[in-house]
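Some notes on the structure that comes next.
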Amino acid sequence: MTAPIYNRVALIGLGLIASSMAHAMKTGGLAGEIVGYAKSADSRAVALEIGFIDRAADTAAAAVVGADLVVLAVPVGAMGAIAADIGPHLLPGATVTDVGSVKQAVIDAVAPHIPEGVHFVAGHPIAGTEHSGPRSGFASLFKNRWWLLTPAEGTDPAATARLRHLCESMGAKVDEMEAAHHDLVLAVTSHTPHLIAYTMVGVADDLRRVTDSEVIQYSAAGFRDFTRIAASDPTMWRDVFLTNKDATLEILGRFTEELFALQRAIRLGDGDHLHAYFTRTRAIRRGIIEAGQDTAAPDFGRAQPPAKGNAG
Ligand code: NAP
């Protein structure tokens, strides 16, 4: 086992991402001590009982005292208020990061509260499941998944490099990009697909009144794979759409245009259009498998829980 990368890590939020980080850090001996804080006493008690934190704090401010890494792992909409709380208590030279699914809004909300001499390196692990809470984490969540870091210009390269080292030691592949670019990429790869999955479940629910239990019974035909992510946490996803508004609206606009074109092809009986479209999209989908972000197994790898992956 190597020396810890950080002496004391403070986790603010103890849900899926924070608990997975804690399990991974414990497995690899990457943190000297892990201190945790979550809104509810219940989550703090569960984290202590499972043992993925060494100590629970009663407030976010108390949790960050003496920590050389602070991780904000709460819904995006809660990050600003927490940053305001912890700002005055941060250790000089410490690094603050976050794992929020949206980057520009988090940077705008958090950065003003980070004092001089503390490094803020925003980040986003592209890894997740549709489960949430302190019991849902597991050490291998980040294995072979991307972890995107979006440090602002002028951020201390040593602070970014140390955080990168932590992410890589938890099994992730790390890339750096600008926050606004991140938000556009994620609007395409994650945020809009989640919105469409939520919509499809809503449509099926309307239909259920007509077809009774058939939607559930015959869901293997596509509905099950397509809508698994619609079981994801409602607070997290509300915040994603409220804070990545422009990029998701842009992608939704394009999606709607494509959908109308397909709708028109169906109405006109334009089989050539449909066939050409599906041929092109099949090639793109296979390209994603070849890029290692999914598996060619018929169930897309979802039969083995730790291997499944979606991300906010
Ligand atoms: P989660 O499992 O629902 O956990 C959220 C945690 O935040 C809970 O421990 C909750 O406390 C705590 N919390 C909420 N509001 C708080 C507040 N005001 N003060 C202190 N703690 C608060 O969520 P998650 O999936 O880990 O997501 C955390 C972050 O990671 C989000 O920003 C999300 O966008 C991002 N992310 C999620 C995924 C994914 O697939 N789930 C992937 C990548 C990134 P209680 O337990 O007491 O309610």
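Rule-based calculations on the coordinates, nothing more; no lab input. Keep in mind it's a predicted model, so treat the numbers as computed, not measured. Every residue, glycine as well, gets a Cβ built from its backbone with ideal geometry; the counts of neighbours run over all protein chains shown.
Can you list, largest first and rounded to whole Å, the semi-axes you get for the chain by taking the square root of 5 times each eigenvalue of its Cα gyration tensor? Mind showing how you got there, number by number?
Values: eigenvalues 280, 87, 69 Å².
For the chain, the semi-axes come out at 37, 21, 19 Å.
The ratio of the alpha-carbon radius of gyration of segment 70-111 to the globular-protein estimate 2.2 N^0.38 Å is 1.06.
So between V215 and I288, what do we pick up on full extension, going 0.36 nm a residue minus the alpha carbon distance?
Values: separation 73, 0.36 × 73 = 26.28 nm, distance 2.84 nm.
Between V215 and I288, full extension yields an extra 23.4 nm.
When you count the other C-beta atoms within 10 angstrom of each residue and take the mean per peptide, 57-63, 250-256, 176-182, 6-12 line up highest first as 6-12, 57-63, 176-182, 250-256.
Please list the helices of the chain that count as membrane-span-like by this rule: a mean Kyte-Doolittle hydropathy of at least -1.0 together with Cα atoms stretching 24 Å or more along the helix axis, each helix being a complete DSSP H run.
Details: long enough: 192-211 (28 Å, 0.28); 245-268 (34 Å, 0.10); 271-290 (28 Å, -0.56).
Sorted by number, the helices that extend far enough and score high enough are 192-211, 245-268, 271-290.
Rounded to the nearest 20 debye, the dipole size of segment 116-222 about its Cα centre is 440 debye, using +1 on the Cβ of Lys and Arg and -1 on the Cβ of Asp and Glu. What shape does segment 137-222 have by the C-alpha gyration tensor, where a ≥ b ≥ c are the square roots of the eigenvalues, rounded means a/c under 1.5, and otherwise prolate means a/b greater than b/c and oblate the rest? It is prolate, given that a/c is not under 1.5 and a/b is the larger ratio.
Each Lys and Arg Cβ is given +1 and each Asp and Glu Cβ -1; about its Cα centre, the chain then shows a dipole of about 720 debye. Determine the sum of side-chain charges near I107: Lys and Arg each +1, Asp and Glu each -1, restricted to other residues whose C-beta is under 12 angstrom from that of I107. Summing Lys/Arg as +1 and Asp/Glu as -1 gives -4. Cα centroids of segment 64-112 and segment 30-57: how far apart, whole angstrom? That distance is 18 Å. Alpha-carbon geometry of segment 6-177: the Rg and the Dmax are 14.2, 41 Å, given in that order. For segment 181-269, taking the reciprocal of the average inverse distance between every pair of different Cα atoms yields a Kirkwood hydrodynamic radius of 14.6 Å. Highest GNM mean-square fluctuation among M79, M200, M236, for the chain modelled with Cα contacts below 10 Å: M200.
Considering only beta bridges that DSSP places wholly inside segment 6-177, some 10 percent are antiparallel. For the peptides 138-148, 119-129, the ranking by packing is 119-129, 138-148, with the highest mean count of neighbouring Cβ atoms within 10 Å listed first.
If each residue of separation counts as 0.36 nm, what is the full-extension length gain between E178 and A261 once their alpha-carbon separation is subtracted? Don't jump to the answer; show the numbers that get you there.
Details: separation 83, 0.36 × 83 = 29.88 nm, distance 3.29 nm.
Roughly 26.6 nm would be gained on extension.
What whole-number distance in Å separates the alpha-carbon centres of segment 217-295 and segment 121-189? Using only Cα atoms to place each centre, the spacing works out to 24 Å.
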